[in-house]
Amino acid sequence: MSIFNTIKTDMYNAMKAGEKVKSTALRTALSKIKDKQIEKRDSLNDDEIIKVLRGLVKQRNESIRLYIDAGRIDLADNEKLEKKYLETYLPNMLDNEEVKIIVKTAIKDLNADSINDIGKIMPEVMKRGRGLIDGNIARQIVVSLLSK
């Protein structure tokens with residue numbers, strides 16, 4: 001079953017079970033996915049749906065930070081719960097050691113030797129990671145390896 005259908009089924013089950021936060025999070029996800037489908041004028045594949053879900057998780061992280069800064073812990077907790085539900089549909093990210101191996105091979109393959117080459121290294125690293133690499137972590141690793 002595709003991710004879209006899984007989310008839709010889970011949303012209906014959450015609604016029936018009275019899980020308000022979960023059903024709201026999944027309804028929002030379906031809405032964003034449908035918006036992207038309309039924009040693309042075609043259905044989305046699982047990779048494109050994962051990209052939409054990552055964007056929603058990123059938005060939740062930003063909201064959590066803003067709510068905590070404003071002292072609204074109740075709203076931050078709600079966002080954390082929604083984020084947890086959305087993350088269940090995302091594949092696991094690569095750990096730091098796996099990212100380091102990819103970065104090292106990209107640096108070697110591109111013959112990069114200075115921090116100025118970061119502009120050509122990062123796109124290659126992200127391409128090789130196929131959406132399973134956190135860009136900030138990869139950037140830190142690239143900087144640490146090229147700064148030596």
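The values are calculated or read from the model by the stated rules, or taken from the named source; none is laboratory data. All of these numbers come straight from a predicted model, not from anything done at the bench. Positions of Cβ are generated from backbone atoms using ideal geometry, with glycine treated the same way; all protein chains shown enter the neighbour counts. For accessibility, only protein heavy atoms count, side chains too; no ligands or nucleic acids. Shrake-Rupley method; radii C 1.70, N 1.55, O 1.52, S 1.80 Å.
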- Item | Looking only at segment 1-13, and only at residues there that are without any contact (Cβ under 8 Å) to a residue 60 or more places away in the chain and open to solvent by less than 80 Å² (accessible area, probe 1.4 Å), the one that is farthest from the chain's Cα centre (by Cα) | T9
- Item | Count - residues of segment 37-80 that are of a type outside the set (S, T, N, Q) and closer than 20 Å to L132 by Cβ | 15
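Condition check ((1) open to solvent by 40 Å² or more (accessible area, probe 1.4 Å); (2) closer than 26 Å to I3 by Cα) across all residues:
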| residue | (1), (2) |
| --- | --- |
| N61 | yes, yes |
| L94 | yes, yes |
| I102 | no, no |
| K108 | yes, no |
| D134 | yes, yes |
- Task: Kindly check whether there is at least one residue in segment 20-27 that is more than 16 Å from T88 (Cβ to Cβ), surrounded by 12 or more Cβ atoms within 10 Å (Cβ to Cβ) and not aliphatic (A, V, I, L, M).
- Result: no
- Any residue at all in segment 65-72 that is open to solvent by less than 30 Å² (accessible area, probe 1.4 Å) and touching an Asp or Glu at 6+ places or on another chain (Cβ under 9 Å)? no
- Cβ-Cβ under 6 Å pairs, at least 6 apart or on other chains, segment 14-36 side over 16 Å from L81 (Cα atoms), far side part of a loop (DSSP other than H, G, I, E, B): K36/L44
